[in-house]
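The values are calculated or read from the model by the stated rules, or taken from the named source; none is laboratory data. This one's a predicted model, so the numbers in the text were calculated from it and none came from an experiment. FYI the Cβ positions are ideal-geometry reconstructions off the backbone, even for glycines, and counts take in every protein chain you see. With ligands, DNA and RNA removed, areas are computed over all heavy atoms of the protein, side chains included. Shrake-Rupley method; radii C 1.70, N 1.55, O 1.52, S 1.80 Å.
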Amino acid sequence: MSTDTHVSNRWSSRYAYILAATGAAVGLGNIWKFPYIMGENGGGAFVFVYLICVLLIGIPVMMAEVVIGKRGRSTPANAVAHVATEAGHSSHWSIIGTMGVLAGFLILSFYIVIAGWAAAYVFYAGSGEFSSAAADPATNAEAIGTLFGNLVSSVPQLLVWTTLTMTAVIYVISKGVKGGLETAVTYLMPALLVLLVAIMTYSAVVGDFAAAFSFMFDIDFSKLTIEGVLVALGHAFFTLSLASGIMMVYGAYLPDGVSIAKTSIMIAIADTMVALIAGLAIYPIVFAHGLEPSAGPGLLFQSLPIAFGSMPMGDVVGTVFFVMIVFAAFTSAIALLEATAAYLEERQGMPRVKAAITAGIAIWICSLGTVFSLAGTEWAQINFGFMGSNIFDMLDYLTANILMPLGGLLISVFVGWIMKTEVIKEEFNLAQWQFTTVMVLLRWVAPLGILFVFANSVGLLDVIK
Ligand code: PHE
């Protein structure tokens with residue numbers, strides 16, 4: 001039995017929790033990042049390694065986070081401290097929770113800006129920008145390039161879209177767990193699925209589905225590099241929203257009697273399905289139009305719109321496509337804000353609305369670092385050495401390559417070695433062999449695997465390459 005009940009909020013059902021956690025997981029990582037890193041890292045072989053990472057590391061770490069949150073029934077730092085002292089260990093382990101919330105805070109400060117790009121693109125597609133760019137095929141690519149360039153280099157434009165998106169996120173969080181988060185995901189997640197399947201179907205009809213399918217599922221290990229393996233592992237973390245405070249907070253709201261193992265597996269499957277469907281929606285268009293599958297981060301915002309402009313109903317499909325991305329990004333952004341807002345509510349005793357607004361404004365202020373980095377403003381161009389040469393690159397590097405792997409490592413070690421085994425057993429409620437498997441993954445496989453990524457991301461493996 002949990003003894004500590006700082007948070008009294010609960011999801012109203014198992015289904016609501018699954019939707020919310022899947023909403024947190026499914027986001028720009030699935031639709032923007034996964035397709036281009038798959039493209040850059042060799043297609044099928046990369047997908048294969050990524051799936052292994054989700055299975056062996058992602059799912060156990062998610063279970064570990066949820067069990068900490070649920071047992072502690074409070075926001076991450078307090079939850080970890082509670083679980084540690086219950087096992088007779090120091091409450092200083094709470095640093096794991098604090099790191100997660102900090103990572104989530106920093107991630108949202110740039111995530112919200114990219115979500116804002118997607119919102120801007122709904123407007124561009126809807127107002128016919130793609131088809132007018134395509135009116136002259138000779139200058140189509142250049143016109144789309146200019147459209148993107150003008151957006152990311154304009155401080156006023158970035159500010160408008162970032163502020164609008166953040167305002168909507170604050171609004172949802174101010175309404176609380178049931179009234180805000182749950183209501184939002186109840187509408188947005190099914191809508192997201194419908195839009196995604198519709199676009200995949202369209203893409204299969206007008207695009208080169210066979211080429212996309214073989215690109216994604218033909219496994220050719222000669223295309224896989226050691227970096228590819230590491231990128232796959234890092235992405236498993238990012239896409240499942242691990243080590244960012246979220247899964248601990250969502251675990252704190254988990255109603256009693258819901259299986260942590262089953263729901264974690266379902267969330268991971270749903271997240272992976274969305275990433276694969278997103279690939280099957282995007283690549284047929286990429287191949288049919290002779291675009292470059294390894295175009296990198298610009299694939300979504302610079303390559304695809306070139307194709308949309310000349311496709312049947314391209315403006316409509318383009319609009320729907322970016323609406324879908326906004327939905328996906330939004331359900332992740334609200335999860336990220338929830339982690340900080342819940343922290344302010346519990347630790348500072350702030351009422352919900354004030355906590356949501358304060359957290360939102362603080363993150364909005366931090367997002368200026370990214371806005372001005374993108375726009376090329378002098379003061380945001382700082383040399384952070386290996387972490388990048390502006391604030392945006394530094395935040396991306398710091399969160400994805402340092403805070404998340406380190407957090408994941410500490411979480412797996414904490415639950416694997418520190419937390420009381422009887423408590424974990426009681427909370428997981430699994431058959432003995434299943435429990436043993438999860439514990440082996442948490443004690444050995446996850447920490448060693450993460451150490452491997454971490455060593456690479458801080459450059460240690462460069463020495464042996
Ligand atoms: N999982 C989200 C995505 O794939 C990103 C995210 C990371 C959200 C960490 C919350 C925390 O887009």
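Structure data summary
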{"quantity": "In degrees, nearest ten, helix 59-72 long axis to first principal axis of the chain (Cα)", "calculated": "50"}
{"quantity": "Over 20 Å (Cα to Cα) - which of 262/425; 175/262; 70/262; 33/70; 178/354; 33/178 fall in this group", "calculated": "175/262; 33/70; 33/178"}
{"quantity": "Set of aspartates and glutamates with alpha-carbon distance to residue 223 below 18 Å, sequence-local pairs under 8 removed", "calculated": "40, 292"}
{"quantity": "Whole-percent carbon and sulfur share, accessible surface of the chain, 1.4 Å", "calculated": "68"}
{"quantity": "Relative contact order (%) - criterion: Cα under 8 Å, at least six apart; region: the range 14-464", "calculated": "34"}
{"quantity": "Kirkwood-Stokes translational diffusion coefficient of the range 14-464, alpha-carbon pairs, 20 °C, 1.002 mPa s, µm²/s", "calculated": "97"}
{"quantity": "More than 19 Å apart - percent of Cα-Cα pairs taken over the range 1-157", "calculated": "71"}
{"quantity": "Mean-position separation - Cα centroids, the range 174-240 and the range 1-72, in angstrom", "calculated": "13"}
{"quantity": "Probe 1.4 Å, accessible area per residue of the range 14-464, Å²", "calculated": "36"}
{"quantity": "Added length on full extension, which subtracts the Cα-Cα distance from 0.36 nm per residue, residue 85 to residue 269", "calculated": "62.9 nm"}
{"quantity": "The range 267-278 - phi-based ³J(HN,Hα) in whole Hz, Karplus 6.51/-1.76/1.60, Gly and Pro as x", "calculated": "5, 5, 5, 4, 4, 5, 4, 5, 4, 5, 5, 4"}
{"quantity": "Segments 381-391, 188-198 sorted - mean Cβ within 10 Å per residue, highest first", "calculated": "188-198, 381-391"}
{"quantity": "Part-to-part distance (alpha-carbon centres) for the range 130-167 and the range 415-432, which is given in Å", "calculated": "51"}
